[in-house]
2 protein chains.
Amino acid sequence: MANILDSGVKLVRNVGRYNIGASSLGELHGLLARLRTEASQKGEPAYAIFLVDRYFKPDSTTGDRLAFRSGDALKFIDTTDEPTTDEIDSLVAALLQEGYTKPVAVVGMGGGITMDTAKAVSNLLTNGGKAAQYQGWDLVKLPGIFKVGIPTISGTGAEATRTCVMTNPASGLKLGMNSDFTVFDHVIMDPELTATVPRDQYFYTGMDAYIHCIEALAGSYRNAIGDAYSRETINLCRQVFLEDDMQTPANRERLMVASYLGGCAIATSYVGLVHPLSAGLSVVLGVHHCVGNCIVMRAMADYYPAAYDEFWQMAERQRVSVPEGICRNLDDATYKALYDASTMHQKPLTNALGENYKAILTLEKVTDLFRKM
Amino acid sequence: MANILDSGVKLVRNVGRYNIGASSLGELHGLLARLRTEASQKGEPAYAIFLVDRYFKPDSTTGDRLAFRSGDALKFIDTTDEPTTDEIDSLVAALLQEGYTKPVAVVGMGGGITMDTAKAVSNLLTNGGKAAQYQGWDLVKLPGIFKVGIPTISGTGAEATRTCVMTNPASGLKLGMNSDFTVFDHVIMDPELTATVPRDQYFYTGMDAYIHCIEALAGSYRNAIGDAYSRETINLCRQVFLEDDMQTPANRERLMVASYLGGCAIATSYVGLVHPLSAGLSVVLGVHHCVGNCIVMRAMADYYPAAYDEFWQMAERQRVSVPEGICRNLDDATYKALYDASTMHQKPLTNALGENYKAILTLEKVTDLFRKM
C-alpha cells in the first residue's frame with residue numbers, strides 16, 4: 001500500500017433523509033403534501049418544480065406517480081449531453097419567467113444529469129446569478145430550495161454527493177457547485193425505477209460506483225470512513241455483477257445502495273487514474289462519463305491489476321460489450337489534447353501515482369494508454 | 001437464511017454533518033462561533049449548553065477544548081447508571097431555572113449515556129413537558145435545540161441513532177424518544193478522545209456494534225442498506241479486535257467508524273436474541289448494557305455459532321475477561337423475572353426466532369441460558 005496521506009476532508013454533510021425499498025416512490029406524496037401544507041399555513045405559494053428525465057415523458061402516469069398537481073412546474077430534461085452552465089441558466093430563467101420563484105421543493109427524477117440539474121436549479125433559485133459563478137468550492141452562500149432526488153439509474157452516486165457537474169462552454173471548465181448546500185434534503189431510492197434501464201447502460205453506470213471505489217482504496221489520500229464506504233460499495237457491486245442476472249429486483253436494490261454508499265465514499269476520498277483519463281475522453285471526444293470509465297479499463301491492467309481482471313470478468317458474465325478501438329488511429333494533435341485534458345487532474349493523479357505523476361504519465365505513455373482503448 | 005421479512009423501516013434521517021479524524025474536536029470552535037454569531041445577529045442569546053461525562057471533570061483543559069465561554073452552562077453527567085426519565089427532568093429543570101432556556105446548541109461529549117442525555121435535553125427544551133411523555137415513537141413534535149454529539153467511546157452507535165434510551169422508574173419502562181428530531185445535527189468523531197478508555201470497557205462497548213450487526217444479519221427483517229452497513233461494521237470490528245492491539249490510533253479510528261455505521265445499521269434493522277437477554281440482565285440485575293451483551297454471548301453457541309466462536313477468539317486475542325457465573329445460582333423468582341424482562345421484546349425475538357418464539361424460549365430454556373452466563 002502507498003504512503004497514506006490525509007484526505008483533507010474533515011467535514012461531511014449527509015443527505016437529510018432517505019427512503020429505501022420497492023414502491024418507496026409512493027412516499028413522495030406524503031412528503032410533498034407536508035411541504036405544501038406548511039407553505040400554505042405561512043401564506044406562501046404551495047407549488048413544486050419537477051425536473052424529470054425525458055425518458056419518462058411518454059408515460060402518462062408520471063405526473064400521478066410524482067404527486068404533480070395543477071400549478072406545479074414539470075420540465076423534462078434532455079440527457080443527450082451532460083449539462084452546460086448555459087442550459088442550467090436557461091432553465092432557471094424559464095422557471096422564473098413562468099412565475100416559479102419560490103417553490104416548496106425542487107424534485108429531480110432521473111440519472112446523474114437530471115440529479116445534477118435539480119441541485120443546480122435549487123441553488124440558483126435562492127442564490128440568484130448565473131451557474132458559472134458557483135463553479136468551484138463553497139461559493140454557494142444560501143441554502144437552496146428543499147431538494148428531493150429520485151435516482152432512476154444506479155452508479156454515479158449523484159444522489160449522495162455535494163456537487164453537480166456542469167461544463168461552462170465559454171471557458172471549457174467542467175466543474176460543479178461543490179457545496180454543503182448542494183446535498184439533497186431528501187432522497188428516494190426505489191429499485192422499481194431501474195427495472196427498465198437498458199442492460200448496457202445499467203452496467204456502465206453501475207461500474208462508476210465500482211471504479212471510483214477501486215481508485216479510492218488504491219490511493220494515497222485516505223480515511224477510515226471513506227475506506228469503509230468504498231469496501232462495501234465494491235462488495236455490493238460484486239454481488240450484483242458476478243451473479244447471473246444483474247437486474248433481478250434484489251440486485252437492483254443492492255446496486256441502488258451501492259450507488260448511494262459510493263457517493264458517500266466520494267464525499268471523503270478521491271478518484272485515481274481512471275476518472276482523469278475518462279474525463280479526457282469526455283472533453284475531447286464527447287464520450288459520456290460512465291461508458292468512458294469502462295473504455296479506460298481496457299488500459300488499466302498495469303495500474304489496477306486485480307480490478308482489471310474482475311471488471312472484465314463482470315462484463316463477460318453480464319454479456320455486456322464495451323466499445324473498443326475508439327482512440328486507435330487519432331492524429332498527434334488529438335492525442336496531445338487527450339493528454340492535456342487528462343493530466344490536468346492533479347489531485348486524483350497524485351492520489352494514484354504520487355506528486356511526480358507527470359514523470360510517469362508522459363505524453364508517450366498517455367498516448368500509448370489511449371491507443372489501448 | 002431465514003424467510004426475509006420487510007423491516008418496515010421506510011424513512012431514515014441521517015446525522016446532519018460529521019467531522020472525522022484525529023484532532024477534529026478542534027472543529028467545534030468554528031461551529032459554535034458560527035452558531036453564536038447567527039444568534040447574536042438575530043438579537044438572541046448566544047450561550048451554549050455542554051453536557052459532559054464526569055470522567056472529564058478533573059481535566060482542567062476540558063472547557064477550552066470544548067470552546068466553553070463565560071455565560072455557557074457546563075454540566076457533568078454521572079454515568080454510574082443509565083439515565084432515568086426523572087434524572088433527565090431534573091437536569092432540564094435545573095437548566096431552565098438557571099436561565100438556559102434557548103441555547104444556540106446542546107453539546108454532548110461522552111459515551112452512550114451522555115449522548116442520550118444530550119438528545120433528550122435538547123428535545124425537552126423546545127417541546128416542554130416531561131421526558132416520560134415522549135417515550136415511544138414519533139411523539140416529539142418540534143425540532144430540538146441544535147445538538148452536537150462527541151463520542152468518547154465507540155460502539156453503541158448513539159451518535160447516529162434516532163433514540164435516547166431512558167428508564168421510567170414509575171412504570172419500569174425502558175424506552176427512548178424514537179424520533180427524527182432525536183438525531184444529532186452534528187457529530188464530531190475524534191479518535192484521540194478514545195485513547196484513554198480502559199481496555200475492558202473499550203472491548204465491551206465496541207462489541208455492542210459487532211453484536212448488533214451479527215443479530216441484524218441473522219434476522220428475518222432485512223433490507224439492502226441495513227445489510228450493507230452491518231457487513232462493513234462487522235468487517236471493521238474484525239480489523240480492530242483480531243489484531244494484536246485493538247487500541248492503536250488506526251484501530252481507534254476504525255472502531256469510531258464502526259460505531260457510527262453500526263448506528264446507521266440499527267436505524268434500518270432489528271437486533272435479535274442477545275439484546276433482549278441483555279436487557280433482562282440490565283432490568284433485573286442492574287448490569288450495564290455493553291458488558292451485559294458480552295455476558296449473554298456465553299450462552300449463544302447454539303444460536304449464533306460462527307459469531308460465538310469469533311467473539312471468544314476476539315476476547316482471547318485482546319486478553320479481555322468477561323464476567324462469568326453471575327446468574328448461576330439465582331432463586332426461581334429471579335429466573336422468572338429474567339424470563340419476563342427478556343421475552344417481552346417481541347420485535348427482536350421475532351426477528352431472531354420467528355413469530356412463535358415463545359414456543360422456543362420457554363421458561364425452562366431461558367433459565368438454562370441464564371445459568372450458562
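Using the Cβ atoms and a cut-off under 12 Å, what net charge is assigned to the surroundings of residue A:249, where Lys and Arg are +1 and Asp and Glu are -1?
Details: positive: A:252, A:254; negative: A:190, A:192, A:245, A:253.
Once positives and negatives cancel, what remains is -2.
Would you mind calculating the relative contact order of the stretch A:198-371 from Cα pairs under 8 angstrom and at least 6 residues apart, reporting the percent as a whole number? Write down the numbers at each step before the final one.
Numbers: 233 pairs, mean separation 48.7, N = 174.
This gives 28 percent for the stretch A:198-371.
Can you give me the long-range amide H partners of residue B:107? Hydrogens built in the peptide plane at 1.01 Å from N, cutoff under 5 Å, separation of 5 or more residues or another chain.
B:49, B:50, B:51, B:148
At a 1.4 Å probe radius, which order do B:138, A:332, A:368, B:227 fall into by accessible area, largest first?
Of B:138, A:332, A:368, B:227, the descending order of accessible area is A:332, B:138, A:368, B:227.
Please report the orientation-averaged projected area of the stretch A:198-371, defined via the convex hull of its C-alpha atoms, in nm². Please list the in-between numbers first.
Numbers: hull surface 36.8 nm².
Reported value for the Cα convex hull: 9.2 nm².
Between residue B:331 and the same site in the other copies, what are the distances in nm, shortest first, taking label points 7 Å from Cα along the C-beta direction?
9.9
Once the other residues with Cβ under 13 Å from the Cβ of residue A:334 are scored (Lys, Arg +1; Asp, Glu -1), what is the net sum?
Working: positive: A:328, A:336, A:371; negative: A:331, A:332, A:340.
It works out to a net charge of 0.
Can you list the distances in nanometres, one decimal and ascending, from the residue A:245 label point to the identical position in each other copy, with the point 7 Å along Cα to Cβ?
Copy-to-copy label distances at residue A:245, shortest first: 5.2 nm.
Taking the Cα centre of the stretch B:198-371 as origin, work out the dipole magnitude from +1 charges on Lys and Arg Cβ and -1 charges on Asp and Glu Cβ, in debye rounded to 20.
Working: 15 positive and 20 negative charges, 38 e Å.
The dipole of the stretch B:198-371 has a size of about 180 debye.
Given charges of +1 on the Cβ of Lys and Arg and -1 on the Cβ of Asp and Glu, with all other atoms neutral, how large is the dipole of chain A about its Cα centre, in debye to the nearest 20?
600 debye
log10 I(q)/I(0), Debye, Cα-only the stretch A:24-189, no solvent, q = 0.08, 0.14, 0.17 Å⁻¹?
-0.20, -0.65, -0.98
List every residue whose amide H lies under 5 Å from the amide H of residue A:20, counting only residues 5 or more places away in sequence or on a different chain, with H placed 1.01 Å from N in the peptide plane.
A:189
Given N residues in the protein assembly as shown, what is Rg(Cα) / (2.2 N^0.38 Å)? Show your work: numbers first, answer last.
Details: Rg = 26.5 Å, N = 746, 2.2 N^0.38 = 27.2 Å.
So the Cα radius of gyration is 0.98 times the expected 2.2 N^0.38 Å.
Kindly provide log₁₀ I(q)/I(0) values, in the same order as q = 0.12, 0.13, 0.21, 0.25 Å⁻¹, from the Debye equation applied to equal alpha-carbon scatterers of the stretch A:9-102.
At q = 0.12, 0.13, 0.21, 0.25 Å⁻¹ the computed log10 ratios are -0.53, -0.62, -1.26, -1.31.
Per residue of chain B, what 222 nm ellipticity follows from adding -39500 (n - 2.57) for every DSSP H run with n ≥ 4, rounded to the nearest 500? Working shown, then result.
On the way: 14 runs with 170 residues, N = 373.
The helix-only estimate for chain B comes to -14000 deg cm²/dmol at 222 nm.
Could you work out the mean count of beta carbons from other protein chains within 10 Å of each residue's beta carbon in B:15-24? Please list the in-between numbers first.
On the way: counts 3, 5, 6, 7, 4, 10, 10, 2, 1, 2.
Neighbouring Cβ atoms belonging to other protein chains average 5 per residue here.
In terms of solvent-accessible area of protein heavy atoms at a 1.4 angstrom probe, what is the ranking of B:148, A:291, highest value first?
Details: B:148 0, A:291 30 Å².
Highest to lowest solvent-accessible surface, that is A:291, B:148.
Going Cα to Cα from residue B:365, which lysines come in below 23 Å? Please leave out same-chain ones fewer than 8 positions away.
Excluding near neighbours in sequence, the set is B:336, B:347.
Is there a quick way to get the dipole size of the protein assembly as shown? I mean about its Cα centre, with the Cβ of Lys and Arg at +1 and of Asp and Glu at -1; what is the value in debye to the nearest 20? Kindly include the intermediate steps, with their values, before the conclusion.
Working: 68 positive and 84 negative charges, 195 e Å.
So the magnitude is around 940 debye.
Read phi for every residue in the stretch A:326-337 and hand back ³J(HN,Hα) as whole Hz from Karplus 6.51 cos²θ - 1.76 cosθ + 1.60, θ = phi - 60°, with x for Gly and Pro.
6, 10, 6, 10, 9, 7, 4, 5, 6, 4, 5, 5
For residue B:84, enumerate residues with amide H under 5 Å from its amide H, sequence gap 5+ or separate chain, H modeled in the peptide plane.
B:167
Regarding chain B, what whole-number volume in Å³ per residue does the convex hull of its Cα atoms give?
Details: hull volume 49.1 nm³, N = 373.
So the per-residue hull volume is 132 Å³.
Using only Cα atoms, what Kirkwood radius does the stretch A:234-292 have, in angstroms? If you can, show how the numbers build up before the last one.
Details: mean 1/r = 0.0766 Å⁻¹.
Evaluated over the stretch A:234-292, this radius sits at 13.0 Å.
Which shape class, rounded, prolate or oblate, goes with the stretch B:290-351 when its Cα gyration tensor gives a ≥ b ≥ c as root eigenvalues, a/c under 1.5 marks rounded, and past that a/b bigger than b/c marks prolate? Please list the in-between numbers first.
Details: a/c = 2.58, a/b = 1.41, b/c = 1.83.
Since a/c reaches 1.5 but b/c is at least a/b, the shape of the stretch B:290-351 is classed as oblate.
Summing Lys, Arg as +1 and Asp, Glu as -1, what charge do residues with Cβ under 14 Å from the Cβ of residue B:37 carry, residue B:37 excluded?
On the way: positive: B:34, B:36, B:42, B:69; negative: B:38, B:44.
Net of charged neighbours comes to +2.
Give the shape of the stretch A:149-300 as rounded, prolate or oblate, defined through the alpha-carbon gyration tensor: a ≥ b ≥ c are the square roots of its eigenvalues, a/c under 1.5 means rounded, and otherwise the shape is prolate if a/b is larger than b/c and oblate if not. Could you put the intermediate results ahead of the total?
Numbers: a/c = 1.29, a/b = 1.24, b/c = 1.04.
Verdict is rounded for the stretch A:149-300.
Of A:173, B:322, B:122, which is farthest towards the positive pole of the protein assembly as shown's charge dipole, taken about the Cα centre with +1 and -1 on the beta-carbons of Lys, Arg and Asp, Glu respectively?
Value computed over the given set: B:122.
Could you give each residue of the stretch B:357-370 its phi-based ³J(HN,Hα) in whole Hz, using Karplus coefficients 6.51, -1.76, 1.60 with θ = phi - 60°, and x for Gly or Pro?
4, 5, 6, 8, 8, 6, 4, 4, 5, 5, 4, 4, 4, 5
Between residue A:371 and the same site in the other copies, what are the distances in nm, shortest first, taking label points 7 Å from Cα along the C-beta direction?
7.9
Determine ³J(HN,Hα), in whole Hz, for all residues of the stretch B:208-221 in sequence, where each value follows from phi through the Karplus function 6.51 cos²θ - 1.76 cosθ + 1.60 and θ = phi - 60°; x replaces Gly and Pro.
Once θ is set to phi - 60°, the couplings for the stretch B:208-221 become 4, 5, 4, 5, 4, 6, 4, 5, 5, 6, 8, x, 9, 8 Hz.
Please report the relative contact order for chain A, taking Cα pairs under 8 Å with a sequence separation of at least 6, and give it as a percent rounded to a whole number.
Values: 717 pairs, mean separation 61.7, N = 373.
The normalised contact order for chain A reaches 17 percent.
Give the average, rounded to an integer, of partner chain Cβ atoms located within 10 angstrom of each Cβ in B:227-238.
Across B:227-238, the average partner-chain Cβ count within 10 Å equals 4.
The values are calculated or read from the model by the stated rules, or taken from the named source; none is laboratory data. Remember, predicted model here, so these are calculated numbers, not experimental data. No Cβ is skipped: glycine too gets one built from the backbone with ideal geometry, and neighbour counts run over all protein chains shown. Heavy atoms of the whole protein, side chains included, go into the accessibility calculation; ligands, DNA and RNA do not. Shrake-Rupley method; radii C 1.70, N 1.55, O 1.52, S 1.80 Å.
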